[in-house]
Amino acid sequence: MSKRVKWTVVGIGLATIAGIGGLTAAKRGNKATAVRIEAVQARDLVASVTASGQVRPRTKVDVAADISGRIVRLAVEEGQTVTKGQFLLQIDPAQAEAEVQRSAAAIASARAQAAQAKANYLQAKRNYERSAEIKRSNAQLVSDEQLEQLRTAMEVNQALMEAATHSVDQAAASLRDARSRLQKSTIVAPMSGKVTRLNVEQGETAVPGTFNKDAATLLTISDMSVLETKVKVDETDVARISIGDSAVVQIDAFPDTTFTGHVVEISNSSVRAATGQPQQQGDQAIDYEVTIRLDNPPVDTRPDFSATAKIVTDSRNNVRSIPIIALTVRENESVARGDTAVTLGKAPPAKQVGKKDVEGVFVIGKDNRVTFRPVKVGIAGEKYFEVLDGLQIGERIVGGTYQAIRELKDSTLVREQKDEKKKEAKS
């Protein structure tokens, strides 16, 4: 075989391989992408916010001591139900009783001194008035100096009498204060409820809590007739919640039962701001406390039970809807081109202020090729978005998978996943 013939054979072989490769590439280019196909349907949608927290009584009182002393009598136990005014405990009253006795003796002494001062004043007043009358009848019998001395003595005794009267008032105030301290040694229930926490035992020392309330708390009484769940809601969701919104509460202690409730309070400051914690750089988690009042709480509920609440923020009946996974975003082409004077000839920045992405879905045409179409959505249910504009009932759209939707482009050929058909047929 000549050299020219050999090169001709090699050339034909290479051309054949190139042709096969081209056909394969062409076939691959026309290969349809497997996707889930959904139809725009009318559905009932319920928008909700889910958050977790704890069950707490609406009203509770932390009973603390106003005086220090040893607890000599304790009449209640944790879990016991008490009524308003019921005796709870007694702090040793010996010191307070002694103070009352001292104050009572002090006021008796002050009253005696006041009586003596009054008598001296009356005597000095009579002496002055008698001498003044004599001087008016006969000026030579009483000198001006003597009359002036008698008047001064009367005024001094009057001041002493007033001082003694104020001493009586002071002693009376001290007696009232001593009796108040004695009364505070006996602690009674400020409200009706259940003793949900008992921090002391008989024989321990009660200490007033000027700066540390927790250390001074002797016991806690809670009104368990009205219970609330305080949940922490993210800042992105709290704006959608309103006073009066209904809620479904799941208490961990009762896993097989759900309870209804409604929103009664939404905090105006974040949980972090309310606790006074300093803001940390890079910490973006900001929560707000939402209070949900339970309509029919179970009798066995205890404070601090963990709970999860689903707050219904809005609902729609028989509206156009699409799967949440079907909604995707694409860059706004007018912004993405970067053809302004500032970006002319330069690559656009990674993130542009004021740049808006367009939300939409991929609509499947008759030739099974997709087209991105912007849509306007409303509320979000658990699995579906409400469609306000851009789609009609019955139109076919790409409803999954997430990876497929992420990689789709206009005019891409698609086909329905076979496994999805099998699942639907089995169901």
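The values are calculated or read from the model by the stated rules, or taken from the named source; none is laboratory data. All values reported here derive from a predicted model rather than from experimental measurement. No Cβ is skipped: glycine too gets one built from the backbone with ideal geometry, and neighbour counts run over all protein chains shown. We work out accessible area using only protein heavy atoms, side chains counted, and drop any ligands, DNA or RNA first. Shrake-Rupley method; radii C 1.70, N 1.55, O 1.52, S 1.80 Å.
Worth a mention:
- Complete set of residues in segment 294-309 that are open to solvent by 70 Å² or more (accessible area, probe 1.4 Å), in contact (Cβ under 8 Å) with a residue 24 or more places away in the chain and of a type outside the set (Asp, Glu): Asn296, Arg302
- Residue tally, condition open to solvent by 70 Å² or more (accessible area, probe 1.4 Å), touching a Ser or Thr at 6+ places or on another chain (Cβ under 8 Å) and part of a strand (DSSP E or B), over segment 64-80: 1
- Criterion applied to Ala117, Ala124, Ala110, Ala105 was being farther than 30 Å from Tyr288 by Cα, without any contact (Cβ under 8 Å) to a residue 24 or more places away in the chain and not in a strand (DSSP E or B), and the one residue passing it is Ala105.
- For segment 211-242, a residue qualifies if it is among the aliphatic types (A, V, I, L, M) and open to solvent by less than 60 Å² (accessible area, probe 1.4 Å), and the qualifying residues are Ala216, Leu218, Leu219, Ile221, Met224, Val226, Leu227, Val231, Val233, Val238, Ile241.
- Check on Pro190, open to solvent by 50 Å² or more (accessible area, probe 1.4 Å) and free of Cβ contacts under 8 Å to residues at least 12 places away in the same chain: no
- Segment 218-254 - residue that is in contact with a Gly (Cβ under 7 Å, 6 or more places away or on another chain) and hydroxyl-bearing (Ser, Thr, Tyr) and, of those, nearest to Gln80 (Cα to Cα): Ser222
- Close contacts from segment 252-273, counting a first residue that is farther than 25 Å from Asp295 by Cβ and a second that is open to solvent by 60 Å² or more (accessible area, probe 1.4 Å) and hydroxyl-bearing (Ser, Thr, Tyr), with Cβ to Cβ under 9 Å and a gap of 6+ residues or different chains, come to none at all.
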